[in-house]
1. What's the average, rounded to a whole number, of partner chain beta-carbon atoms within 10 Å of each residue's beta-carbon in B:178-187?
2. Among B:50, B:166, B:40, pick out the residue whose Cα is farthest towards the positive end of the charge dipole of chain B, where Lys and Arg carry +1 and Asp and Glu carry -1 on C-beta, about the Cα centre.
3. Based on DSSP H runs of at least 4 residues, each adding -39500 (n - 2.57), what is the mean residue ellipticity at 222 nm of chain B after dividing by all its residues, to the nearest 500 deg cm²/dmol?
4. Tell me what chain A gives for mean residue ellipticity at 222 nm when only DSSP H runs of n ≥ 4 count, each as -39,500 (n - 2.57), the sum divided by the residue total, rounded to 500 deg cm²/dmol.
5. Find the relative contact order for chain A and round it to a whole percent, using C-alpha pairs within less than 8 Å whose residues are 6+ positions apart.
6. With label points built 7 Å along Cα→Cβ from the Cα atoms of residue C:193 and residue A:158, find their separation and express it in nm.
7. Place a point 7 Å from the Cα of residue C:54 along the Cα-to-Cβ direction; which residues of region C:219-239 have their backbone N under 16 Å from it?
8. Which FRET efficiency value, to the nearest 0.05, is calculated for residue A:103 and residue C:7 with the Förster distance at 30 angstrom and r the Cβ-Cβ distance?
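Computed from the coordinates by the stated procedures, all read-outs in this text should not be read as laboratory data. A quick note: this is a predicted structure, and the numbers were derived from the prediction, not measured. Cβ atoms come from the backbone with ideal geometry, glycine included; neighbour counts cover every protein chain shown.
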Amino acid sequence: MNNIIINRLKDKIFKAWGIIATFIGIILLAVFIGDIFKDGIQRLNLDFLSSLPSRFSEKAGIKPAMMGSIWIMGFTAIISFPLGVAAGIYLEEYARKNKFSSFLEMNISNLAGVPSIIYGLLGVQIFVRALQFGNSILAGAFTLSLLILPIIIVATREAIKAVPNSIREGSYGMGATKWQTIWYQVLPASLGGILTGVILALSRAVGEAAPLIAVGALAYVPFVPSSPMDEFTVLPIQIFNWTSRPQHGFIINAAAAILVLLAITLIMNGIAVYLRNKWQKKLSG
Amino acid sequence: MEDLKTKQMRFEDKGVGKSKNNKGNVVDEKSVNEEKEKHPEMIIRTENSSMYYGDFPAIKNISMDIKKNSITAFIGPSGCGKSTFLRAFNRMNDFIDIFKHTGNIYVNNVDIYNDKIQIEQLRRDVGMVFQKPNPFPKTIFDNVAYGLKIQGMKDKNLLEERVKDAIQQVGLWSEVRDDLKRNALSLSGGQQQRLCIARTLAVKPSIILMDEPTSALDPISTAKIEDLITQLKEEYTILIVTHNMQQAGRISDSTAFLYMGDLIEYDTTHKLFTKPKFEKTENYITGRFG
Amino acid sequence: MKPGKKTGEKIIEFFLGGSASITVFTTLAIIVVLLVESVSFFREVSIIDFFTDTQWTPLFTDKHFGIVTLLSGTLLTSFIAIAIALPIGLSIAVFLSEYAPKKLRQTVKPMLELLAAVPTVVYGFFALIVVTPFLQTIIPGLSSFSSLSAGIVMGIMIIPYISSLSEDALFAVPYSLREASYGMGSTKFQTAFRVTMPAASSGIVVSIILAISRAIGETMIVTIAAGQHPNFTANPLVPIETMTAYIVQVSLGDVQHGTLEYKTIFAVGLTLFVFTFLLNTISHWIKNKYREEYE
């Protein structure tokens, strides 16, 4: 009898600990963000968003960083979206299940685990130097595209897998070719899931700093980019730069910039979740 | 067997017109006409047709003829090969890696396994309705127009005409005419199946294969579709697999009884059900085994 | 059917396959890029020195190239991160999968995923500006840059890596196993830890390995908060430098391409790549080997 009482106690204690563990991370995150909010909200105004950086913290703004981020995101999306979706379609609809395709899968999951700074080194040697893009937005976009490619491929495959086989059967049964079936049936049905994955991948890319630093994004950029061959900086790097300065004014700036970055990330994730729900509803009528 | 089939089913492109025992003869006028002269009324003929999944013989050496504008029912216990046999006529079995066919099957006088054909064309000429209604997740209009679109038809007026015609043929027009832009998945099961029949009809095939088309539906929808099938006979030749013997008795002209891959008996429906020639047939239709 | 349709299909397949093969080229490119510069590096620096020297000073006049220095920084921060994420993450997984009502599980899961979605620069900021000063009040003698501060924050970020995957693994264990245990009079706690967790062990191990790999590859948190002071030590209270932070440091500086100093980032990068590659391959192998169990 004694033994049962002890075991019950252990059970209750663990349950309590479980609740604590579950919320501790979230609560800490909320505390952190609250702190940042407190610090940064005062600095967040139109001036901040539209000014160039400066040696004086009160005058410094995030305009080049924001524009840089937008340019990079735009080009990364243009490059990675078709490549990733095409690769996903191939792996899911065309590739036979043999040793080679297992190798491809393993390779992709391996690429997903490679540290982002390594992609930066790849980017430096291939895009900046060998292809002579220089320290440009284009080099950065290609580098980030390679980084998020595995995410898009996996998301595309999952979305395509979710399309019921009965739809493919119906299409083939009517004499459609493989590509017709994919283009007219499979892709439209999986588009929501694919877009969700792409947006999540891009929201990950918008927060990346390390690979872009390696590719030569500058710490101090007093201009707004006007071509993909321009040098650039992005919001995370601007934050990094300000965080490393001792003056308190720059810490405030960093906090404000973080709020902008978090807002962007949150909006993108929100859109992705909304799309996912809408897409799941569509498939089930 | 079902597990094996679903596990192996992959929509690989086996190549347009390729077949396992390809003699490579291009379809030419002479061979088609020869066939036609020998068997004028038969829209489908099989000669020593056998089908295998790997080493397993699913269909053993069946030779039979099917007359134009008839309704032929295929009955038999589960796993006897009726679906396999049906799917051979539009080569949907090709999607299963380990499927093999030997013998000859003539559809509209063309040997579909040995002559060089375009598979997509075959599937447009031989339509298929599946057991579980599988409308595309698109509008009602787009569902029925799909077959025409992939053939390249672009004329909006022509498309609308053909779509309306097909939907009318299946008796669905009054129920959906006010909103063809509705998602097809919002229709009831019976309506969805009629929609699937409509999209097949829109392409104007000569033969329609139906694989247990009403087994997933309620009795009222079943009755509606059975009426429809009887009407379609005028323009089309219909092959229907069914595990419902009463259905076979109600709507078909001829019935074929399959057992373990063999064609046990094939006769006019009336004869097969009232005076079966073989004991096995009699045992099956009287319910001694199922 | 229009003539040439078949060629059209083949062309499409070719381009789609080409896109898929870019993944192979990426891996090859990474390996080649790292190897080429590293080989050049090792022509000037002996491999033995690389692995045995305990100082890392390639940018000073008295040059030492002991990778273990950076390695110790990486491993120290990663160890602290895992020490935080493992117990918490695992407890969350068990709690959500065995104890929590479905509604709670559904609401909490996306909130936890949020932890991993926050950009790492933001975490770096936390570590330096919020966590370090706080810790300094309770740990006198803590430097403004330390592996402790960075490690703790990294640990928080990694929690969902362990909790999410482990929870999926636990969820996949058939209920019948639990039933057998309950049927013998066990409590939830006993069942969870004696029956369900061992049954899900391969999935849990995979999640841990992936979390470790993530920690080792983390860059911004450690660059901002752990220091840029290579130090062969096990003391969590002093500044160190990780492999990733070193690469960032050199990238930000004025080191010329082609110099020995520049090549060091590739040698370091190669070491980093080998570590994460091994970890990822092992986890992939474990996942495949034990996958058939419940199918």
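1. Values: counts 0, 0, 0, 0, 0, 2, 1, 4, 1, 1.
The mean count of partner-chain Cβ atoms within 10 Å per residue comes to 1.
2. The listed residue farthest towards the positive side: B:166.
3. Values: 12 runs with 108 residues, N = 290.
Estimated from H runs of four or more residues: -10500 deg cm²/dmol.
4. On the way: 12 runs with 202 residues, N = 285.
Calculated mean residue ellipticity at 222 nm is -23500 deg cm²/dmol.
5. Numbers: 365 pairs, mean separation 77.5, N = 285.
After rounding, I find 27 percent.
6. My value for the distance between the label points is 3.2 nm.
7. Answer for this model: C:230-236.
8. Values: r = 29 Å, r/R0 = 0.95.
The value I calculate is 0.60.
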